[in-house]
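Have a look at the structure below before the remarks.
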Amino acid sequence: MEKTKIVIIDDHQLFREGVKRILDFEPNFQVVAEGDDGNEAVSLINQYSPDVVIMDINMPDINGVEATKQLVEENPDTKVIMLSIHDDENYVTHALKSGACGYLLKDMDADALVDAVKVVAEGGSYLHPKVTHNLVKEYRRLANNDHVTVGHVNGVLQQLEIRRPLHLLTRRECEVLQLLADGKSNKSIGEALYISEKTVKNHVSNILQKMNVNDRTQAVVVAIKNGWVEVR
């Protein structure tokens with residue numbers, strides 16, 4: 001199997017080395033280059049044509065957002081995962097608008113990093129669970145303001161009843177879907193439901209397949225639109 005070529009761009013050497021060490025454990029990953037600013041990112045991508053770039057959002061000279069815009073325009077086949085300490089939806093929105101396919105917080109665990117690279121390399125998108133939860137809350141707020149998911153009863157604004165998609169998913173899968181909307185990681189979902197992390201991954205895969213979506217973020221958005229989950 002052809003390896004996924006990766007470039008890491010971050011101005012903190014110790015953090016960059018930690019990311020590389022995690023990725024080097026994966027037999028199908030190959031870190032082909034590292035850099036510490038946006039200017040170097042553009043040069044390295046043109047030189048190595050990587051499949052995935054892991055890029056810090058805050059860097060001197062050219063920041064990650066500006067570098068991503070340039071990279072995506074010049075190398076549309078290269079996928080960018082943004083790294084950040086910020087979980088605010090404004091940062092996430094700017095990153096995604098620049099062309100990034102993923103957004104990870106720097107307090108991520110190793111599994112999240114590996115999963116993100118795999119999903120993005122295959123053409124999907126990946127957001128850190130906490131980021132997903134914040135975006136979902138903002139989506140619900142905007143939807144409520146537009147009267148999309150609410151109705152009026154006796155002149156009072158009411159949220160419509162949550163209807164679990166039991167026609168499509170099992171009860172356990174509905175529970176997992178709700179916890180995805182809550183911004184829980186696979187590990188946290190396993191702890192909440194007293195099941196293994198591997199079992200959680202199997203449930204998530206089944207949910208994505210049944211809902212005909214590419215990733216967990218899309219699954220949550222579809223669930224919100226259909227009133228299948230609560231935003232708590």
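Numerical summary
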read-out	value
Pairs where the first residue, in the range 58-73, is touching a residue at least 24 places away in the same chain (Cβ under 8 Å) and closer than 18 Å to Leu105 by Cα and the second is acidic (Asp, Glu) and in a loop (DSSP other than H, G, I, E, B), C-beta under 7 Å, 6+ apart	Met59/Asp11; Met59/Asp37
Selected residue (criterion: least open to solvent (accessible area, probe 1.4 Å)) from residues of the range 219-232 that are outside any helix (DSSP H, G or I) and within 18 Å of Ser188 (Cβ to Cβ)	Val229
One residue from Leu157, Leu142 being farther than 20 Å from Leu177 by Cα and either in contact with a strand residue (DSSP E or B) (Cβ under 7 Å, 6 or more places away or on another chain) or modelled with pLDDT of 65 or more (or both)	Leu157
Per-region count, the range 14-44, residues at pLDDT below 90 and part of a helix (DSSP H, G or I)	6
Pairs, first more than 20 Å from Val114 (Cβ to Cβ) and modelled with pLDDT of 90 or more in the range 186-201, second charged (D, E, K, R) and open to solvent by 50 Å² or more (accessible area, probe 1.4 Å), C-beta under 7 Å, six or more apart	Ala192/Lys184; Leu193/Glu175
Members of the range 209-218 found to be open to solvent by less than 30 Å² (accessible area, probe 1.4 Å) and over 12 Å from the mean Cα position of the chain (by Cα), listed by number	Met211, Val213
Extreme residue, most open to solvent (accessible area, probe 1.4 Å), among residues of the range 40-90 that are acidic (Asp, Glu) and closer than 20 Å to Ala116 by Cα	Asp77
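The values are calculated or read from the model by the stated rules, or taken from the named source; none is laboratory data. Everything numeric in this text was worked out from a predicted model, so none of it was measured. Cβ coordinates were reconstructed from backbone atoms using ideal geometry, including for glycine residues, and neighbour counts include every protein chain displayed. Heads up: the accessible areas ignore ligands, DNA and RNA and are worked out on the full protein's heavy atoms, side chains in. Shrake-Rupley method; radii C 1.70, N 1.55, O 1.52, S 1.80 Å.
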